[in-house]
1. Listing Tyr77, Tyr100 from the residue with the fewest other Cβ atoms within 10 Å to the one with the most, what is the order?
2. Once phi is turned into θ = phi - 60°, what whole-Hz ³J(HN,Hα) does the Karplus curve with 6.51, -1.76 and 1.60 give for every residue of region 70-76, x standing for Gly and Pro?
3. Mind listing the phi-derived Karplus ³J(HN,Hα) values for region 105-119, rounded to whole Hz, using 6.51, -1.76 and 1.60 with θ = phi - 60°, and x for any glycine or proline?
4. When only alpha-carbon atoms are used, what values of Rg and Dmax, in angstrom, describe region 59-122?
5. Which of Asp69, Asp49 has the fewest other C-beta atoms within 10 Å, and how do the rest follow up to the most?
6. Residue by residue through region 97-102, what is 3J(HN,Hα) from phi via Karplus (6.51 cos²θ - 1.76 cosθ + 1.60, θ = phi - 60°)? Round to whole Hz and write x for glycine and proline.
7. Amide H neighbours of Glu55 under 5 Å, counting only residues 5+ apart in sequence or on other chains, H built in-plane at 1.01 Å?
Amino acid sequence: MTIHNMQGMQERTRLDAQQEARTEPIVRPVEPDFPDFGDSGDRHGCDWDESICDETATHYTHCICGDPDCESDHIQYYCDRHYALTLALRLDHLRECKGYGHDEPCEDNRVVTLMHISDFGPLAA
């Protein structure tokens, strides 16, 4: 076999390998087909985290986050019972919160309060 023939065979082999690589199917991972258990639009479950609660949320609370890069909405949804408990616990905490720097109402204290709870109330029906 001559060098010229060997080069021709190598060239054909290289072309065949390239063609084979192009004809192989592209394999991509398939996304799992799970049902959407998340936000179904207008109804929320209770976000109480002390125990399991399977009640439908009727109220919400919102707090302001001090992190400008945070992408969370900081809205929590609660059933009637856990909404009342959440408000009571937050009010109880605010009485002793170490975040307050002044004894009198001022802008700094207002910001501390808003970081604990800035809005709350019933969900729109």
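Every read-out reported here was derived from the displayed coordinates using simple, explicitly stated rules and does not represent laboratory data. Every value quoted in this text rests on a predicted model; they were computed, and no experiment measured them. Cβ placement follows ideal geometry from the backbone for every residue including glycine, while neighbour counts extend to all protein chains displayed.
1. Neighbour counts put them in this order, fewest first: Tyr100, Tyr77.
2. Once θ is set to phi - 60°, the couplings for region 70-76 become 5, 9, 6, 7, 6, 9, 10 Hz.
3. Running phi through 6.51 cos²θ - 1.76 cosθ + 1.60 with θ = phi - 60° gives x, 7, 4, 4, 5, 4, 5, 4, 4, 5, 6, 8, 7, 10, 7 Hz.
4. In Å, with Rg to one decimal and Dmax whole: 12.6, 34.
5. Working: Asp69 5, Asp49 9.
Going from least to most buried by this count: Asp69, Asp49.
6. 4, 7, x, 6, x, 9
7. Counting only residues 5 or more places away or on other chains, the set is Cys46.
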